[in-house]
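Comments concern the structure below.
The values are calculated or read from the model by the stated rules, or taken from the named source; none is laboratory data. From a predicted model like this one, the values you see are computed outputs, not experimental measurements. Here Cβ is always computed from backbone atoms with ideal geometry, including for glycine, and neighbour counts include all displayed protein chains.
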Amino acid sequence: MKAKFNLPIYDWTVKAASNTAPIVLTISSYNSFRTREKLVISGVVGNTAANGTFYIKVVNSKKIALYSDAALQIPVVGNGIYVSGGSISRQYYEYTAQYAPESKIGVLNIPTPALPAVDISDNQIKIYPLDVPCLEVEFDYVKVPEKKIVSSDNTTDLTLYYPEKFLLLVVKQAAQLFAEQVRDPELYQTQTAEKMQNP
């Protein structure tokens, strides 16, 4: 499960936004932003193209350039003269960890937007931290394969539907069952020994 958080940064605000490509923002004070970090800019008046979610390139300790892609190949183009305003939030979109009861005791295990956690109980899902609004949740799930394994089908490439390691396990299990049915002790011992060596 992945959770998206926007964490407002109150120490730094936008003081200027150039009408260029890319837009270069001037920040109110020295910052610790990193190139390719994802930021959310809002409240810019005048050069409204500076509002949105962007990847940034650090120009210097007080200036950042805005791009639409993580590779920094598509610059954001200005659409007017900056008038005023502009707040900044850091965007985090990270996988959650299980928030187990023993984790809740330790001070060092408190979830943050950069290290979110999930607690599932009583048919409810809680995304932590609770003091920052979670904007979006993405679930990964196990998909049931569309193809069944049929012994008489020798034309379908099952590796397109199942992991190769799983298919090898099925073949080993089938060989062991076959050895048991035909009562071939040598084949059965071979399969048992191989299973012990490679569980």
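Computed values, structure above
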| read-out | value |
| --- | --- |
| Output for the stretch 1-58, where each listed residue is of a type in the set (S, T, N, Q) and more than 23 Å from TYR93 (Cα to Cα) | SER18, ASN19, THR20, THR26, SER28, SER29, ASN47, THR48 |
| The listed residue being within 26 Å of ARG34 (Cα to Cα), part of a loop (DSSP other than H, G, I, E, B), in contact with a strand residue (DSSP E or B) (Cβ under 6 Å, 6 or more places away or on another chain) and not small (Gly, Ala, Ser), out of VAL132, VAL137, VAL77 | VAL132 |
| Count - residues of the stretch 17-31 that are under 11 Å from LYS63 (Cα atoms) and either of a type in the set (S, T, N, Q) or crowded, with 16+ Cβ neighbours inside 10 Å (or both) | 10 |
| Selected residue [modelled with pLDDT under 95, in a strand (DSSP E or B), closer than 13 Å to ASN6 by Cβ and more than 19 Å from the chain's Cα centre (by Cα)] from ILE88, ILE120 | ILE88 |
| Selection status of TYR55, of a type outside the set (D, E, K, R), in a loop (DSSP other than H, G, I, E, B), buried (at least 18 other Cβ atoms within 10 Å of the Cβ) and assigned by TED's automatic domain parsing to the domain that holds ALA16 | no |
| Single residue of the stretch 32-50 satisfying the filter (within 30 Å of PHE139 (Cβ to Cβ) and buried (at least 19 other Cβ atoms within 10 Å of the Cβ)) that is nearest to the chain's Cα centre (by Cα) | LEU39 |
| For LEU72: the one exception among (1) on the phi < 0 side of the Ramachandran plot; (2) not assigned by TED's automatic domain parsing to the domain that holds ILE127; (3) not β-branched (Val, Ile, Thr) | (1) |
| Index of the failed condition, VAL142 passing every other in (1) of a type in the set (A, V, I, L, M); (2) at pLDDT 75 or above; (3) closer than 30 Å to PHE5 by Cα | (2) |
| Single residue of the stretch 113-137 satisfying the filter (among the charged types (D, E, K, R) and either more than 16 Å from ALA97 (Cβ to Cβ) or not assigned by TED's automatic domain parsing to the domain that holds ALA100 (or both)) that is surrounded by the fewest Cβ atoms within 10 Å (Cβ to Cβ) | ASP122 |
